[in-house]
There are 2 protein chains.
Amino acid sequence: MNHSYHIGELAEEFGVTTRTIRFYEEKGLLSPRREGQQRCYSAADRTKLRLILRGKRLGFSLDESAEIIRMYGAPGSSRKQLEALMKKIADKRRQLQEQRRELDAMLTEMDQAEQRCSEALARLDKQTKTETS
Amino acid sequence: MNHSYHIGELAEEFGVTTRTIRFYEEKGLLSPRREGQQRCYSAADRTKLRLILRGKRLGFSLDESAEIIRMYGAPGSSRKQLEALMKKIADKRRQLQEQRRELDAMLTEMDQAEQRCSEALARLDKQTKTETS
DNA sequence: ATTTACGTTTACGTTAACGTAAGGTAGACT
DNA sequence: AGTCTACCTTACGTTAACGTAAACGTAAAT
């Protein structure tokens, strides 16, 4: 247990460069243990990286992903902190749901585009047929 | 009918600056009619802008949005063009569906975070209670 | 007549998210 | 011992997507 990863392993697994991973550390999104000079990434670090990259694919900035990660991390201690966190989570969820609606809207338009496209193809077929008849 | 918009109107409606709209034109994403010097945006232009901004919120680059817009636009004429377009549409839809899965994964993690958070709050409540008893 | 409110072009500035190059270290293989 | 490989730091370069400023045109309102 408690396996830890080298930077190269993570880079390969997630299809990014080591530069990218170090950059995220510069930005405070990751803070791996050190073994001498080398970075040792825990399972938690790996999870964070996964969240960052997922956020990126969804169009979030690194700062936004940083927020998400802080939510995922330590739940804070005081009641005020906890309540603030709950609020943030709720906000972020609303944002995600809104994004989902937009995504669905886009999917709908893809469907329409495809339909127009296949109708155009059908017309072409028909025309070709009458021409050859 | 055939109402057309000034650049300022569109900017206000969508909450962007006029610079942004002109920038999209530079990039070839929009090409409004001219009336003298001034730009006149048709309903179709407006739709394109809406698609661009939606794409942006979903994390697409302008070049990707440009592709989507071309799909939405003229369905081409030759069979080869139409078939290529159908393929592109199918690809983009797959991409959107993948993105949807990721979005849902993120929502799930938001739920978990919220749960951990509310559990922590519950523990705090309990502790406070026994302390005051 | 001039201020106000829009529009125009041209062009340099800015920020995020890395890429890339240069040079150094530390362990493993031959 | 020499070389390979994977790591490290430092620092300048790059691209996308605009921001911002300057300098101007036009048309309605005061």
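I'd like the projected area of the range A:80-119, averaged over all directions, using the convex hull of its alpha carbons. Report it in nm² with one decimal.
Directional mean of the projected Cα hull area for the range A:80-119 stands at 2.3 nm².
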- Query: On alpha-carbon atoms, Rg over Rh for the protein assembly as shown using Kirkwood Rh?
  - Reply: 1.11
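How high is the relative contact order of chain B, in percent, counting Cα pairs under 8 Å that sit 6 or more residues apart?
Relative contact order of chain B: 15 percent.
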- Task: State which entries of A:LYS126/B:LYS80; A:LYS80/B:LYS56; B:LYS48/B:LYS87; A:LYS87/B:LYS92; A:LYS92/B:LYS87 exceed 25 angstrom in Cα-Cα distance in the structure shown.
- Result: A:LYS80/B:LYS56; A:LYS87/B:LYS92; A:LYS92/B:LYS87
- Between A:THR128 and A:ARG93, the FRET efficiency computed from the C-beta separation at R0 = 51 Å comes out, to the nearest 0.05, as 0.45
- Query: Along Cα→Cβ at 7 Å, what distances in nm separate the B:SER31 label point from those on the other copies, shortest first?
  - Reply: 5.4
- Task: Report the label-to-label distance for B:ARG34 and A:GLN115 in nanometres (one decimal), using points 7 Å from each Cα along the Cα→Cβ vector.
- Result: 3.8
- Once A:SER4 and A:ARG19 are pulled to full extension, the length gained, defined as 0.36 nm per residue separation minus their Cα-Cα distance, is 3.5 nm
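Can you show me the helix-derived [θ] at 222 nm for chain B, built from DSSP H runs with n ≥ 4 at -39,500 (n - 2.57) apiece and divided by the number of residues, rounded to the nearest 500.
-25000 deg cm²/dmol
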- In debye, nearest 20, what is the charge dipole magnitude of the range A:55-105 about its Cα centre with +1 on Lys and Arg Cβ and -1 on Asp and Glu Cβ, if you could check? 200
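Give, rounded to the nearest 20 debye, the magnitude of the charge dipole that chain A has about its Cα centre when Lys and Arg contribute +1 at Cβ and Asp and Glu contribute -1 at Cβ. Display every interim value, and only then the final one.
Working: 26 positive and 21 negative charges, 134 e Å.
Rounded to the nearest 20 debye, it is 640 debye.
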- Message: Tell me which of A:GLN97, A:PRO32, A:LEU58 sits at the most positive position along the dipole axis of chain A, charges placed on C-beta atoms (Lys, Arg +1; Asp, Glu -1).
- Response: A:PRO32
- What list of ³J(HN,Hα) values in whole Hz, one per residue of the range A:34-44 in order, does the Karplus curve 6.51 cos²θ - 1.76 cosθ + 1.60 (θ = phi - 60°) give from phi, with Gly and Pro shown as x? 10, 10, x, 8, 7, 8, 10, 9, 7, 4, 5
- What is the minimum Cβ-to-axis distance for chain A, in whole Å, where the axis maps A onto B, and to which residue does it belong? A:GLY59, 1
- Mind telling me which of A:GLN97, A:GLN81, A:GLN112 comes out most flexible in a GNM of chain A, alpha-carbon contacts under 10 Å? A:GLN112
- Task: Put a label point 7 Å from Cα along the Cβ direction on B:ALA90, then list its distances to the equivalent points in the other copies in nm, shortest first.
- Result: 4.6
- Item | Chain lengthening between B:GLU102 and B:GLU64 when straightened (0.36 nm per residue, less Cα-Cα) | 11.8 nm
- Rounded to the nearest whole number, the per residue volume of the convex hull around the C-alpha atoms of the range A:1-107 in Å³ is 132
- Message: For A:SER61, place a label point 7 Å from Cα along the Cα-to-Cβ direction in every copy; what are the distances to the other copies, in nm, shortest first?
- Response: 1.9
- Task: Report the local net charge at A:SER118: Lys and Arg +1, Asp and Glu -1, summed over other residues whose C-beta lies under 14 Å from its C-beta.
- Result: +2
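No lab work stands behind these numbers, since they all come straight from the coordinates. Quantities reported herein were computed from a predicted structural model and do not represent experimental measurements. Neighbour counts run over all protein chains shown; Cβ positions are idealised from the backbone, glycine included.
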